[in-house]
Amino acid sequence: MYELKRELLSQNRFQLFETEKQKSYLYDAFSQNIFPIEEMVSDFIFSESEKTFSQKEKEKITECLQYFSKWNGTIQYGESLETHLTINLSNRCNLNCTYCYRDKKHKNEMDLDKVYEIIDYADKYYKTNNNEIIFTIDMTAEPFLDKEKIKAMYARVCEYKNHQKMRIWFMSNGTKITDDYIDFIKEIPIDPFWISLDGPEEVHNANRKYYDGKGSYNDIVKNIKKLQGNDISVKISCVLTKEYPYPEKLFNYLKTLKVSAIQMCPVRNGCEVSLTKDSLVSLKESYCLLYKQIFTEIMNKDFSTVSLLKEDFVMQTVTILFNRCRQAGRCTWGQEVIIDFKGDMYPCLYVFGEKKYQLGNISEKKNSKEFLRQIPVDERVRCKSCWARFLCGGTCHYNAIISKKSEFETDDVECELKLFLIKESIKMVINLMENNADMNGFVKTLNE
């Protein structure tokens, strides 16, 4: 019994949760599940004292421990059905955002011959015979500034569709949505369409300005309505900064725009509005209000907020739990590439152009297995001993590079925030179960 306990605890897989109703629940990282647990069993697992148990109690404890021991921590990586490549056509953007991660001095643009070479490389060498190849355009710029080039690229992609299923995708800052752009979005097609908007006018305009200092808010909101008026649903990507760390307020504003999804992303490290330890206090308080709102709505069989936040960190833990999967890594680092105007490849937009992280060049015609390597959460220095690692996947590699000088380390601020969100998510799920919420409706909404 004690040997089983030592073995299980050495695997860093358990976290105990206690509710207002004086009940205990155990989260187990290996089975990716939450179990109601008797006080006697939890006392044995988490207490260091050698309490005396009756034979019947020992049998019950042993049975419970043996139940958990049938799961192991081995992660197997399945082949993705999709192949993703990001093509950096140019570095042009009409906005001068405070937290922008592009190199604004970089003026190189990719010519169409190089674009065609990349498409051919993806089709014949990079990852062959996948269900679909997705080319993401200009994540370091405003893609509509290169609309004619994207049109030409799309025409070439269509020529390859007899080889493999291909499509192109991009998001916009939402400032240049004219009728011909709308026709183009429908032609590709891109629906839903992602747009960046950071909240109400004052909040958004604090960081997302034109080069003349004018805020972009009014243009973007007008264009969101124009897209919706043309039957194109819009998803919003919002950046959370230390200047306005209020996700509950941001969410409740953004949902008034009648969009189809909202994603609130913590700003990257290394800029003047990056999150700090101090700003986490307000951020956590606001997230608590948002979780309370979600709980209340679900109890009333209203899943609208769940639907809007399906792609946000708020719902990540819940989705993983309900699907019994494991978050092996933080992002797509080691699974896809970013390609510059010379055909050089990088693992992440944030390290784009840094030779230390260059993976190679498309001219080498290598299969992705020769140079791509994911960094599993179990290889992150701090993560490997964390009970929440398979719900989290670790922190942003770039954030860790900025704060700890290594992509294998963990950023302290992001780590604290993600662990908080994981705990609050599990508490909410337990609270819903204890109050007989419609969990089937909850799960169905997440998976729709």
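If you take the residues in segment 384-411 that are free of Cβ contacts under 8 Å to residues at least 60 places away in the same chain and assigned to a helix (DSSP H, G or I), which one is farthest from GLN316 (Cα to Cα)? Let's see the steps before the verdict.
In the first step, residues of segment 384-411 are kept if they are free of Cβ contacts under 8 Å to residues at least 60 places away in the same chain; the result is 400-401, 404-406, 408-410.
Applying the additional criterion that residues be assigned to a helix (DSSP H, G or I) yields 400-401, 404.
Numbers: ALA400: 21, ILE401: 24, LYS404: 25 Å.
Applying the filter and picking the extreme gives LYS404.
With the requirement that a residue be over 22 Å from ILE426 (Cα atoms) and assigned to a loop (DSSP other than H, G, I, E, B), what does segment 372-383 give you? Spell out how you get there, then give the answer.
To start, the set of residues in segment 372-383 that are over 22 Å from ILE426 (Cα atoms) comprises 372-376, 379-381.
Across segment 372-383, the qualifying residues are LEU372, ARG373, GLN374, ILE375, PRO376, ARG380, VAL381.
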Pairs only if they're at least six apart or on different chains, beta carbon under 9 angstrom, first in segment 287-313 and over 17 Å from SER233 (Cα atoms), second open to solvent by 10 Å² or more (accessible area, probe 1.4 Å) and aromatic (Phe, Trp, Tyr); list them, first residue then second.
TYR287/PHE420; LEU289/TYR246; GLU297/PHE303
If I ask for residues that are more than 14 Å from VAL314 (Cβ to Cβ), among the hydroxyl-bearing types (Ser, Thr, Tyr) and in a loop (DSSP other than H, G, I, E, B), which ones from segment 222-259 would you list?
SER233, THR241, TYR244
For segment 347-368, which positions are part of a loop (DSSP other than H, G, I, E, B), hydrophobic (A, V, I, L, M, F, W, C) and either modelled with pLDDT of 95 or more or surrounded by fewer than 17 Cβ atoms within 10 Å (Cβ to Cβ) (or both)?
LEU359
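Yes or no: ILE426 within 25 Å of THR19 (Cβ to Cβ) and open to solvent by less than 20 Å² (accessible area, probe 1.4 Å)? I'd like the intermediate steps shown before the answer.
Details: within 25 Å of THR19 (Cβ to Cβ): yes; open to solvent by less than 20 Å² (accessible area, probe 1.4 Å): yes.
In short, yes.
Condition check ((1) out of contact with any His (no Cβ under 8 Å at 6 or more places or on another chain); (2) open to solvent by 20 Å² or more (accessible area, probe 1.4 Å); (3) on the phi < 0 side of the Ramachandran plot) across all residues:
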| residue | (1), (2), (3) |
| --- | --- |
| ARG167 | yes, yes, yes |
| MET171 | yes, yes, yes |
| ASP179 | yes, yes, yes |
| ILE188 | yes, no, yes |
| LEU197 | no, no, yes |
| VAL203 | yes, yes, yes |
| TYR211 | yes, yes, yes |
| LYS214 | yes, yes, yes |
| LYS235 | yes, yes, yes |
Out of the residues in segment 327-346 that are in contact with a His (Cβ under 8 Å, 6 or more places away or on another chain) and within 17 Å of PHE408 (Cα to Cα), which is least open to solvent (accessible area, probe 1.4 Å)?
TRP333
So, in segment 67-106, how many residues would count as being open to solvent by 30 Å² or more (accessible area, probe 1.4 Å) and either touching a Cys at 6+ places or on another chain (Cβ under 6 Å) or small (Gly, Ala, Ser) (or both)?
3
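The values are calculated or read from the model by the stated rules, or taken from the named source; none is laboratory data. Since this is a predicted model, take the numbers as computed values, not measurements. Reconstructed Cβ throughout: ideal geometry from the backbone, glycine too, with neighbour counts over all protein chains shown. Areas reflect the complete protein model, heavy atoms only, side chains present, ligands, DNA and RNA absent. Shrake-Rupley method; radii C 1.70, N 1.55, O 1.52, S 1.80 Å.
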